[in-house]
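A.B. asks: Would you mind keeping the following structure in view while I ask a few things?
The values are calculated or read from the model by the stated rules, or taken from the named source; none is laboratory data. Everything quoted here is computed from the prediction, not taken from an experiment. Ideal geometry is used to build each Cβ from the backbone, glycine not excepted, and the neighbour counts take in all protein chains shown.
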Amino acid sequence: MIIIKSQREIEIMRKSASMVVGAFDVVEKLIKPGITSHELDEAVESFIRSRNAIPSFKGYGGFPASICASIDEQVVHGIPGDRRLEEGEIISVDIGVEFENYHGDAAKTFTVGEVSEEKQRLMAVTREALYKGIEEAIPGNRLSDISNAVQVHVEAAGFSIVRDLVGHGIGRNLHEEPQIPNYGKPNQGPRLKPGMVFAIEPMVNMGGYEVTTLDDNWTVVTIDGLPSAHFEHTIAITDDGPDILTLGL
């Protein structure tokens, strides 16, 4: 069942989402060659807790950190560690914040110094695909209209969409119904209604779409070792169209 949120609930989620955006501002200022993802994680957790909020990811299913930090061929769920970022890498950072019992969730891929044109294009196409999906999040459309818009944009650019991982509903729980694949035929699934709140999150690979999970049981990587990018917004469906709660990333 897809939970419909009241306007009051959406406004609380907007506060959570604004803290997610603030956490990304912290990350943006710190990312440079030589820093570790563990240092980014510490800075984000400190920021979130200073706002009397809770990092949504820490302890979730046993995850040990406040951010997911996924470098180059790592797609999602990378555990922050002592590996130092190097010039030319890209790093996808995923952050969730719980405030007053409601969650906000977003992801963004950053460059570390100067990166190749192809990595820049991968990031641009992934971000564009996110917005193509968001454009379809309007009352009367069906859930797979979001999925299809993402897939069409990504594949037209010559990249591939990860199929093993999905976006999701969000609210009092970090992950709620429905699951939102980033591929599929249009005009399938539930009809979209005002008050639905979704985390839409394309994960796009430079090479094939196949992924696998490392022995740490968290980090998802591309099987072919080529880079992946990840962008995500929390959005509310309204009568006036999609309302991006994490606007400002």
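A.B. asks: Show the residue pairs that are 6+ apart or on different chains and have beta-carbon atoms under 6 Å apart, the first residue being within the range 109-128 and under 17 Å from Val93 (Cβ atoms), the second being modelled with pLDDT of 95 or more and assigned to a helix (DSSP H, G or I).
C.D. replies: If the second residue must be modelled with pLDDT of 95 or more and assigned to a helix (DSSP H, G or I), the pairs left are Thr109/Met123.
A.B. asks: Right, another one. Does Pro64 fit the bill of being in contact with a Lys or Arg (Cβ under 8 Å, 6 or more places away or on another chain) and part of a loop (DSSP other than H, G, I, E, B)?
C.D. replies: So Pro64 fits the description; yes.
A.B. asks: Which one of these is under 21 Å from Ala129 (Cα atoms), part of a loop (DSSP other than H, G, I, E, B) and at pLDDT 95 or above: Gly171, Gly158, Gly225, Gly195?
C.D. replies: Matching residue, one of Gly171, Gly158, Gly225, Gly195: Gly158.
A.B. asks: Considering every residue within the range 133-145, establish whether at least one is farther than 25 Å from Gly59 by Cα, without any contact (Cβ under 8 Å) to a residue 40 or more places away in the chain and either within 19 Å of the chain's Cα centre (by Cα) or surrounded by fewer than 23 Cβ atoms within 10 Å (Cβ to Cβ) (or both).
C.D. replies: Within the range 133-145, one or more residues are farther than 25 Å from Gly59 by Cα, without any contact (Cβ under 8 Å) to a residue 40 or more places away in the chain and either within 19 Å of the chain's Cα centre (by Cα) or surrounded by fewer than 23 Cβ atoms within 10 Å (Cβ to Cβ) (or both).
A.B. asks: Every residue in the range 126-145 that is in a helix (DSSP H, G or I) and either under 13 Å from Asn205 (Cα atoms) or in contact with a Lys or Arg (Cβ under 9 Å, 6 or more places away or on another chain) (or both), please.
C.D. replies: Correct list: Thr126, Arg127, Ala129, Leu143, Ser144.
A.B. asks: Within the range 32-73, track down each residue that is in contact with a Ser or Thr (Cβ under 7 Å, 6 or more places away or on another chain), buried (at least 23 other Cβ atoms within 10 Å of the Cβ) and under 26 Å from Asn205 (Cβ atoms).
C.D. replies: Asp41, Val44, Phe57, Ala69, Ser70
A.B. asks: Still on this structure, I have one more. Tell me which of these Thr111 doesn't satisfy, since it passes every other one: (1) more than 19 Å from Ala43 (Cα to Cα); (2) surrounded by fewer than 20 Cβ atoms within 10 Å (Cβ to Cβ); (3) among the β-branched types (Val, Ile, Thr).
C.D. replies: The failed condition is (1).
A.B. asks: Please count how many residues of the range 147-165 are under 14 Å from Gly184 (Cβ atoms), surrounded by fewer than 16 Cβ atoms within 10 Å (Cβ to Cβ) and among the small types (Gly, Ala, Ser).
C.D. replies: 0
A.B. asks: Across the range 102-132, what is the number of residues that are closer than 27 Å to Ile146 by Cα and more than 19 Å from the chain's Cα centre (by Cα)?
C.D. replies: 1
A.B. asks: Let me ask something else. Go through the range 27-62 and give me each residue that's without any contact (Cβ under 8 Å) to a residue 24 or more places away in the chain and under 17 Å from the mean Cα position of the chain (by Cα).
C.D. replies: Lys58
A.B. asks: Could you list all residues from the range 67-85 that are part of a strand (DSSP E or B) and of a type in the set (Lys, Arg)?
C.D. replies: Scanning the range 67-85 gives a single hit, Arg84.
A.B. asks: Can you work out which of the residues in the range 1-27 that are surrounded by 13 or more Cβ atoms within 10 Å (Cβ to Cβ) and of a type in the set (Lys, Arg) is nearest to His175 (Cα to Cα)?
C.D. replies: Filtering first and then ranking leaves Lys5.
A.B. asks: Please pick out the residue among Asp82, Asp105 that is within 19 Å of Ile170 (Cβ to Cβ) and among the acidic types (Asp, Glu).
C.D. replies: Asp105
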